[in-house]
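Read through the structure below, which is laid out as structure tokens, and then see the notes.
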Amino acid sequence: MSPRVTTPGEDFVRGVWRENPVLVQLLGLCPALAVTNSVANALAMGLATFFVLMGSSVLVSSIKRLIPKEVRISAYILIIATFVTIADMVLAAVVPEIHKALGAFIALIVVNCMILGRQEAFASKQPVGRAALDAAGTGVGFIIAMVMIGGIREVLGNGTFLGAALFGSGFEPWIVMILPPGGFFTLGILLLLFAGWEERGGAERAERTWRVPVTRRVSDVGPVAAPGGER
Amino acid sequence: MSELAVIFLSAMLVNNFTLVLFLGLCPFLGVSAKVGTALRMGAANVFVLTVTSLTASFLNAFVLVHAPYLRLISFIVVIASLVQIVEMAVKKLSPTLFRELGIFLPLITTNCAILGLAIFQTNREYGVWEGLAFALGAGAGLTLALILMASIRERIELSDVPSVARNMGLVLILAGTLSLAFMGFAGLLTS
């Protein structure tokens, strides 16, 4: 967090754009690759994660004075696990087919490091309103990334988008895209494209045009998957 | 006995946790820059997976039959405390190893492979021995994937890659290629 005062809009936009959890910070990759073989699954997973993130951020921010510092991580995990249990039961009751397709990955939202990261880095230090905005931004950023990866994989691997056929019968689907390797390839190519775009100054131009706040550069964030740094 | 071997091989190769099921990607991408670190990380994971499997069997048999809705919460509490105990034991017994593993030791808690193992084991209704074979296979597969990736990355370190590929993009493409290779194991256990 920068020391200067941030506006509510910046709290929201930061998670969508500069610190997009999947595409920039590389957090929450397990669900982003495992359940994105169709847009519907990706969207359901994104919404479930959004709900859990929103609920836990608001709750953690509201009771932050009651949580002793020594056991805060365990307390956050318990709060997150409670919301995941709720999401799991609701999905099983409302959309049983999707719940079945997502399988164990609903339960695995508990260990999505993106959610725990937002609690530790933001919700535990900020008032409820800002925590909710931050959670909404990060959640929307996650949904966008999920639908993007899911869209590419479903269109190329199955020739459909949300189940609707896009190409004529002459299209031969690239089966590999809906298989596990396709997930790695899609995200890898997206990251390469973004890196190339950024190198040519595309990110700065977009920020000037859309007035997206600059918080920090991708190169400062680095591979956040390794918080301690390895060397 | 052969059934246990099938579970072991299936978890290690055919349904490799990292490359086919996408579980435990954080350490796979974060700790795979050097073979030595990758190996130690793999060993720590094998240990936590094994103990988690035993504890999950125990919980499923005695506690969770009375309160199935507490499954997720109790699993995560068990895993978190287990990792805490392992951390304290390693710190006491071998301070050198403790320093080498550093931040990655506590981070095993949020490794989805561990919780994933407990959940899969419950869904498939494995007994104690089957669960143990499953945990060892999953751990071996995780370690294998980590070591393969670390060996490739050590060589890339010295080669001249385009500047756009210096970040994670290239590593993910490599992971995709490895995953493609592991798809070849899919026919291994059908006969």
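Checking segment B:105-113 against the condition returns a match, with at least one residue being at pLDDT below 80, within 16 Å of the chain's Cα centre (by Cα), within 21 Å of A:THR85 (Cβ to Cβ) and of a type in the set (Val, Ile, Thr). Only one of the numbered conditions (1) hydroxyl-bearing (Ser, Thr, Tyr); (2) crowded, with 23+ Cβ neighbours inside 10 Å; (3) more than 10 Å from every other protein chain (Cβ to nearest Cβ) is not met by A:SER169, and that is (2). B:HIS66 passes every criterion in (1) of a type outside the set (Lys, Arg); (2) outside any loop (DSSP other than H, G, I, E, B); (3) without any contact (Cβ under 8 Å) to a residue 40 or more places away in the chain apart from (2). Which residues, counting only those in segment B:73-107, are within 14 Å of another protein chain (Cβ to nearest Cβ), without any contact (Cβ under 8 Å) to a residue 12 or more places away in the chain and in contact with a helix residue (DSSP H, G or I) (Cβ under 6 Å, 6 or more places away or on another chain)? Answer for segment B:73-107, where residues must be within 14 Å of another protein chain (Cβ to nearest Cβ), without any contact (Cβ under 8 Å) to a residue 12 or more places away in the chain and in contact with a helix residue (DSSP H, G or I) (Cβ under 6 Å, 6 or more places away or on another chain): B:ILE73, B:PHE98. Across segment B:176-191, the number of residues qualifying as within 11 Å of chain A (Cβ to nearest Cβ), surrounded by 14 or more Cβ atoms within 10 Å (Cβ to Cβ) and over 26 Å from A:PHE194 (Cβ atoms) comes to 2.
Entry remark, segment B:16-37: residues being more than 10 Å from chain A (Cβ to nearest Cβ) and either of a type in the set (A, V, I, L, M) or under 16 Å from B:VAL171 (Cα atoms) (or both) number 1 in total.
For the structure I just gave you, tell me whether A:GLY15 is within 28 Å of B:LEU25 (Cα to Cα), at pLDDT below 85, more than 14 Å from chain B (Cβ to nearest Cβ) and not in a loop (DSSP other than H, G, I, E, B). Judged against the criteria, A:GLY15 is a match.
Here B:VAL14, B:VAL31, B:VAL86, B:VAL46 are screened, and the one residue that is more than 24 Å from A:ASN112 (Cα to Cα) and either at pLDDT 85 or above or not polar (S, T, N, Q) (or both) is B:VAL14.
Taken over segment B:153-175, the residue count meeting the criterion of being over 25 Å from the mean Cα position of the chain (by Cα), within 7 Å of another protein chain (Cβ to nearest Cβ) and of a type outside the set (Gly, Ala, Ser) is 1. Scanning segment B:108-123 for residues that are in contact (Cβ under 8 Å) with a residue 40 or more places away in the chain and either surrounded by fewer than 16 Cβ atoms within 10 Å (Cβ to Cβ) or not in a helix (DSSP H, G or I) (or both) yields one hit, B:ASN111.
Here is a yes/no grid of residues against (1) at pLDDT 90 or above; (2) part of a loop (DSSP other than H, G, I, E, B):
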{"site": "B:ALA133", "(1), (2)": "yes, no"}
{"site": "B:GLY139", "(1), (2)": "yes, no"}
{"site": "B:VAL161", "(1), (2)": "no, yes"}
{"site": "B:GLY169", "(1), (2)": "no, no"}
{"site": "B:SER179", "(1), (2)": "yes, no"}
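When A:ASN37 is tested against (1) outside any helix (DSSP H, G or I); (2) surrounded by fewer than 19 Cβ atoms within 10 Å (Cβ to Cβ), only condition (2) is not met. Picking from residues in segment A:187-201 that are more than 7 Å from every other protein chain (Cβ to nearest Cβ) and touching a residue at least 40 places away in the same chain (Cβ under 8 Å), the one that is farthest from B:SER179 (Cα to Cα) is A:PHE194.
I'd like the full set of residues that are buried (at least 24 other Cβ atoms within 10 Å of the Cβ) and under 15 Å from A:GLN25 (Cα atoms), limited to segment A:115-133. Of everything in segment A:115-133, those that are buried (at least 24 other Cβ atoms within 10 Å of the Cβ) and under 15 Å from A:GLN25 (Cα atoms) turn out to be A:ILE115, A:ARG118.
The values are calculated or read from the model by the stated rules, or taken from the named source; none is laboratory data. Just so we're clear, the structure is a prediction, and the values are computed from it rather than from any experiment. Don't worry about glycine lacking a Cβ; one is built from the backbone with ideal geometry, like all the others, and counts go over all protein chains shown.
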